[in-house]
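Heads up, the thing below is written out as structure tokens.
The values are calculated or read from the model by the stated rules, or taken from the named source; none is laboratory data. Nothing here was measured: the structure is a model prediction, and the numbers come from that model. Cβ: placed from backbone, ideal geometry, glycine included. Neighbour counts: every protein chain shown.
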Amino acid sequence: MARVTAVHRPADYPGPVDEATAQALAELFAHVCPGAREPEIDQSHAGIAIAALNPKLALQLAKLSGFIAGELPWCRRRDLRELAMQVVNLHFGCDYAFRVRLPAAQAAGIGAALLAALPAWRSSALFDAEQRLVIEYTQAVVTGAVPAELFARVVERYGEKGAVEFTTLAAFWSFWAMLLNATRPEPEPGA
């Protein structure tokens with residue numbers, strides 16, 4: 001059972017809506033559902049719907065999420081981005097986010113066999129050298145223990161800028177996993 005009220009539609013906002021809140025809700029939904037007559041945040045973006053209890057917060061998080069996932073050069077490799085996100089979800093035990101990211105992971109070439117092999121990635125022959133680096137580094141970032149040698153390998157592969165972008169993705173998606181774990185959104189029907 002969900003622990004908080006998710007705001008999937010402007011009318012879902014609990015409690016009184018003053019002028020400032022109404023404006024913030026309008027800005028949020030205009031950003032996440034541009035041009036929609038009846039805007040609705042879907043289940044795959046439940047974190048935004050939960051954060052919408054403070055619409056200004058949700059708007060900033062939506063903008064930052066879109067920027068990190070869609071505009072950072074490191075994240076343009078969708079397969080590596082989705083792999084890193086799923087490593088984060090596994091680390092934090094965020095089953096909700098893991099499930100809702102499955103279609104995106106599959107579309108990016110990270111199929112069920114690779115995802116099932118993640119817990120045993122070190123001994124699995126399914127992962128190539130770059131995927132192994134992404135898994136190892138993501139796990140190090142989420143634990144807060146990044147050895148200098150590992151960071152050097154990431155810099156060698158992606159450059160300093162890429163290392164910072166990669167780290168940002170792992171750190172920011174850790175935030176989403178923690179928020180979803182704490183608030184426990186309702187699962188999608190049939191999940």
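Miscellaneous remarks
- Against the test of being under 27 Å from residue 186 (Cβ atoms), among the small types (Gly, Ala, Ser) and out of contact with any strand residue (DSSP E or B) (no Cβ under 8 Å at 6 or more places or on another chain), the options 129, 117, 108, 113 yield a single qualifying residue, 108.
The rows are residues; the columns are (1) within 16 Å of residue 4 (Cα to Cα); (2) assigned to a helix (DSSP H, G or I).
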| position | (1), (2) |
| --- | --- |
| 27 | no, yes |
| 37 | no, no |
| 57 | yes, yes |
| 64 | no, yes |
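- Some residue of the stretch 71-81 being of a type in the set (D, E, K, R), within 16 Å of residue 141 (Cβ to Cβ), modelled with pLDDT of 95 or more and assigned to a helix (DSSP H, G or I): yes
- Flag for residue 127 being within 17 Å of residue 174 (Cα to Cα), touching a helix residue (DSSP H, G or I) at 6+ places or on another chain (Cβ under 8 Å), aromatic (Phe, Trp, Tyr) and in the same structural domain as residue 163 (by TED's automatic domain parsing): no
- Among residues of the stretch 7-35 that are without any contact (Cβ under 8 Å) to a residue 24 or more places away in the chain, those with a beta-carbon under 6 Å from a residue that is assigned to a helix (DSSP H, G or I) and not charged (D, E, K, R) at least six positions away or on a different chain give the pairs 29/10.
- In the stretch 39-55, the qualifying residues are those that are touching a residue at least 40 places away in the same chain (Cβ under 8 Å) and assigned to a loop (DSSP other than H, G, I, E, B), and the one that is surrounded by the most Cβ atoms within 10 Å (Cβ to Cβ) is 52.
- Number of positions in the stretch 121-145 that are touching a residue at least 40 places away in the same chain (Cβ under 8 Å) and in a loop (DSSP other than H, G, I, E, B): 0
- Screening the candidates 152, 116, 105 for the property of being assigned to a helix (DSSP H, G or I), under 22 Å from residue 76 (Cβ atoms) and of a type in the set (Gly, Ala, Ser) yields one hit, 105.
- Taking the listed residues 17, 100, 87, the one that is more than 14 Å from residue 180 (Cβ to Cβ) and not in a loop (DSSP other than H, G, I, E, B) is 87, with no other qualifying.
- Every test in (1) surrounded by fewer than 12 Cβ atoms within 10 Å (Cβ to Cβ); (2) at pLDDT below 95; (3) among the β-branched types (Val, Ile, Thr) is passed by residue 100 save one, and that test is (1).
- Test: residue in the stretch 61-75 that is outside the structural domain of residue 164 (by TED's automatic domain parsing), surrounded by fewer than 15 Cβ atoms within 10 Å (Cβ to Cβ), of a type in the set (A, V, I, L, M) and within 30 Å of residue 135 (Cα to Cα): yes
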